[in-house]
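Participant: What follows is a single structure, and I will ask about it in a moment.
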Amino acid sequence: MELSQEEKATRLQKAVINSSAREISKLYDALGEVEMSAPALGLACRFRGLDVVRVLIQKGATFDFPSKRRIEETYNCYIGRKCGNYRTNYSLSLTKVFEEDLRGAFCFKGMTLGHNAEREMGEPLEFLADDKRIEVLGCLLENREKISFHPEEMLFYAIYFGDTVIAEELKRCGVRISTVRVRTMTDDTAPLDAYWLEYIAMTGQLADADYFVVMQQLAAELDGKLFRFTENLYEVMKSHFYDVKVFEFFLAHFKQEKMKKYQIIRGLIEIDAAEVLPVVERENWITTPKKRDEMIAYASENGRTEALAWLLDYKNRTADFAVEQEKAEKKMMRELNMAPDSVAALKKIWSYKKMEDGTLIIRNYKGTDTEVVVPERIGKSIVTAIEIAAFSGNAVCVGDFYSIGSLEHIKHHEKITKLTLPMTLRHIGSYAFYDMSALEEINIPEGVEEIDDFTFWKCRFLKSITIPGTVKRIGRSAFAGCVRLEKVYISEGVLEIGENAFSNCNLKEITIPESVQKFGYSSYCPKMKVYCPKGSRAEAYCRKMRLRVVNTVLVNQ
């Protein structure tokens, strides 16, 4: 019976471990075409040496194999992260890397990376000695196109795994790291693909003793280009920065344009790297007394005594205390003399922008009060709108919009108990007061034209609300989740109540005027009374919802 391709691959791998070069040659002839010869060739590179590798290559073995998920899953080498030629690379069996040392590399999936290989008879095969590996490498280089060998990839991994024998031999033969690897490490426009993810993972798992050596060798491959800098790359590197030479290398070889310098200084303080802070001074990274004092406070708050001692000494050596005191006093006087309704004062607590008609839209509250009054005007411009999620107590993402407030501001919105809106207001955006979980009191001024969708969603302490007649529409789920909302008065003039506008509330009383013409589906509450005129659409709607009329008062059946 003819063998399956999987059985052929298995027999060939067993023969590489257990048989002589001549026996392997005869077996290959008997097997015929072997679609997956790469694992056997990798084993020969790792445990058998030049004679067996040559035989396999002569018979047609190659590191290439059909790029099909079925085949890769059959042979347990499916990575699931393909990017061009990015998949299991059996030629890397030649490198001095073992199962316990993979360090985040992707393309070793399905490979045998032991220190030795058990045989059916005789002593186990040992990982090849360095001189034997050099012989095999020469053969692979001679046949690179025939066997789909990519030495530039082997160089990359040899550097990361500290295989200096293979790395130096490849460099001696003129091999350089591939263009895609160089671009991944240096080009800010390069995609954050599998190459990038692997680079981050492998860099993050470098031991302290290896980091400097590996990064030096990689830098030598970049032809003078600087490493690109990203936040996630910084996160995996920063633990090494207690070492002065590592930090100096980082500053010299990484692009600094996107570095958040004070974030990096805080990182140095967190690991109490006092020995590295003089480099920060040399680079003029602490340029203002304000930032310097913020770093001193940060070190003190976190108990980083060595860093704190250095920063205090730096202040004593460099500060002009007389000048700083004079500036501080002038600033204090400006703040004391600043009118509470001046533009400068209002800018400290409000984020806003001017619209095309010259009016202002409030975007975020930055203050610390729990009873807040929204100003009618800032400078000469009147406030007419509240933006999406301006006061929300939780981050909001709606389409392309994302809450602009900092986490600190958003968290404070949860503590606001009273909010007074100006009479100049015309529009309130969706989610404007979403999850203001402490809000008990708010007014909706005459002149507001619409209450948008989800505007008051989850205002859990709101007990009553009056909606003026200028509001034409109460949006979908506008008051949903206001679990303590008991009383709602809707004034004559309102035309539409949106779907689920008052769902999950605790309504006991709601007044609906004759002007309301459109009702979205809504969940009414037990024991709720609905006040509405006889003959109105509200009455008809209530009957449809199985509510019965008692004069002008409708109650649940």
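Participant: Could you tell me whether any residue of the stretch 177-185 is aliphatic (A, V, I, L, M), surrounded by fewer than 21 Cβ atoms within 10 Å (Cβ to Cβ), out of contact with any helix residue (DSSP H, G or I) (no Cβ under 6 Å at 6 or more places or on another chain) and over 20 Å from residue 214 (Cα atoms)?
Facilitator: So far as the stretch 177-185 goes, no, none of its residues is aliphatic (A, V, I, L, M), surrounded by fewer than 21 Cβ atoms within 10 Å (Cβ to Cβ), out of contact with any helix residue (DSSP H, G or I) (no Cβ under 6 Å at 6 or more places or on another chain) and over 20 Å from residue 214 (Cα atoms).
Participant: On to the next question. Being part of a helix (DSSP H, G or I) and surrounded by 19 or more Cβ atoms within 10 Å (Cβ to Cβ) is true for just one of 47, 65, 108. Which residue is that? Reasoning before the result, please.
Facilitator: Details: 65 fails: part of a helix (DSSP H, G or I); 108 fails: part of a helix (DSSP H, G or I).
After applying the criteria, what remains is 47.
Participant: Find the residue count for the stretch 172-224, including only residues that are on the phi > 0 side of the Ramachandran plot and charged (D, E, K, R).
Facilitator: 1
Participant: Among the residues of the stretch 184-234, write down those that are closer than 26 Å to residue 79 by Cβ and of a type in the set (Val, Ile, Thr).
Facilitator: Matches in the stretch 184-234: 184, 186, 189, 200, 203, 214, 230.
Participant: Tell me which residues, restricted to the stretch 468-492, are touching a Phe, Trp or Tyr at 6+ places or on another chain (Cβ under 8 Å) and closer than 18 Å to residue 418 by Cβ. So that I can check it myself, show each step before the final result.
Facilitator: To start, the set of residues in the stretch 468-492 that are touching a Phe, Trp or Tyr at 6+ places or on another chain (Cβ under 8 Å) comprises 475-482, 484-485, 488.
Answer for the stretch 468-492, where residues must be touching a Phe, Trp or Tyr at 6+ places or on another chain (Cβ under 8 Å) and closer than 18 Å to residue 418 by Cβ: 479, 482, 484, 485.
Participant: Please go through (1) in a loop (DSSP other than H, G, I, E, B); (2) modelled with pLDDT of 90 or more for residue 506 and return the number of the only condition it doesn't satisfy.
Facilitator: (2)
Participant: If I filter the stretch 68-83 for residues that are outside any loop (DSSP other than H, G, I, E, B), of a type outside the set (Val, Ile, Thr), at negative phi and in contact with a His (Cβ under 8 Å, 6 or more places away or on another chain), do I get at least one hit? Full working, then the answer.
Facilitator: If we filter the stretch 68-83 for residues that are outside any loop (DSSP other than H, G, I, E, B), which is where we start, we get 69-74.
After this cut, where a residue has to be of a type outside the set (Val, Ile, Thr) as well, the list is 69-70, 72-73.
Adding the requirement that they be at negative phi leaves 69-70, 72-73.
Of the ones still in play, those that are also in contact with a His (Cβ under 8 Å, 6 or more places away or on another chain) are none.
No, because not a single residue in the stretch 68-83 is outside any loop (DSSP other than H, G, I, E, B), of a type outside the set (Val, Ile, Thr), at negative phi and in contact with a His (Cβ under 8 Å, 6 or more places away or on another chain).
Participant: Next up: Could we say that residue 533 is exposed (fewer than 15 other Cβ atoms within 10 Å of the Cβ), modelled with pLDDT under 90, of a type outside the set (D, E, K, R) and closer than 20 Å to residue 468 by Cα here?
Facilitator: Taking the combined requirement at face value, the residue satisfies it.
Participant: All but one of (1) in a helix (DSSP H, G or I); (2) out of contact with any Phe, Trp or Tyr (no Cβ under 7 Å at 6 or more places or on another chain); (3) buried (at least 19 other Cβ atoms within 10 Å of the Cβ) hold for residue 11; which doesn't?
Facilitator: (3)
Participant: Further question: Listed residues 109, 96, 146; which is over 24 Å from residue 11 (Cα atoms) and either out of contact with any helix residue (DSSP H, G or I) (no Cβ under 6 Å at 6 or more places or on another chain) or without any contact (Cβ under 8 Å) to a residue 40 or more places away in the chain (or both)? I'd like the intermediate steps shown before the answer.
Facilitator: On the way: 109 fails: over 24 Å from residue 11 (Cα atoms); 146 fails: over 24 Å from residue 11 (Cα atoms).
Within the list 109, 96, 146, the selection yields 96.
Participant: How many residues does the stretch 113-161 contain that are over 23 Å from residue 221 (Cα atoms) and within 34 Å of the chain's Cα centre (by Cα)?
Facilitator: 1
Participant: Looking for whichever is touching a Phe, Trp or Tyr at 6+ places or on another chain (Cβ under 8 Å) and either outside any loop (DSSP other than H, G, I, E, B) or under 25 Å from residue 59 (Cα atoms) (or both) here; the options are 145, 169, 198, 135. Which one fits? Don't jump to the end; show me each part of the working.
Facilitator: On the way: 145 fails: touching a Phe, Trp or Tyr at 6+ places or on another chain (Cβ under 8 Å); 169 fails: touching a Phe, Trp or Tyr at 6+ places or on another chain (Cβ under 8 Å); 135 fails: touching a Phe, Trp or Tyr at 6+ places or on another chain (Cβ under 8 Å).
After ruling out the rest, the residue left standing is 198.
Here is a yes/no grid of residues against (1) surrounded by fewer than 23 Cβ atoms within 10 Å (Cβ to Cβ); (2) touching a helix residue (DSSP H, G or I) at 6+ places or on another chain (Cβ under 9 Å); (3) small (Gly, Ala, Ser):
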position	(1), (2), (3)
433	no, yes, no
436	no, yes, no
442	yes, no, no
445	yes, no, no
450	yes, no, no
456	no, no, no
459	no, no, no
463	yes, no, no
468	yes, no, no
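Participant: Take the conditions surrounded by 23 or more Cβ atoms within 10 Å (Cβ to Cβ) and under 19 Å from residue 426 (Cα atoms) and apply them to residue 490. Does it pass?
Facilitator: Values: surrounded by 23 or more Cβ atoms within 10 Å (Cβ to Cβ): yes; under 19 Å from residue 426 (Cα atoms): yes.
Taking the combined requirement at face value, the residue satisfies it.
Participant: Hey, another quick one. Within the stretch 270-285, identify whether any single residue is surrounded by fewer than 19 Cβ atoms within 10 Å (Cβ to Cβ) and among the aliphatic types (A, V, I, L, M), and answer yes or no.
Facilitator: Within the stretch 270-285 (the criterion being surrounded by fewer than 19 Cβ atoms within 10 Å (Cβ to Cβ) and among the aliphatic types (A, V, I, L, M)), the answer is yes, since at least one residue qualifies.
The values are calculated or read from the model by the stated rules, or taken from the named source; none is laboratory data. These figures come from a predicted structure and were not determined experimentally. A quick note on method: Cβ atoms are made from the backbone with ideal geometry, for glycine too, and the neighbour counts reach across all protein chains shown.
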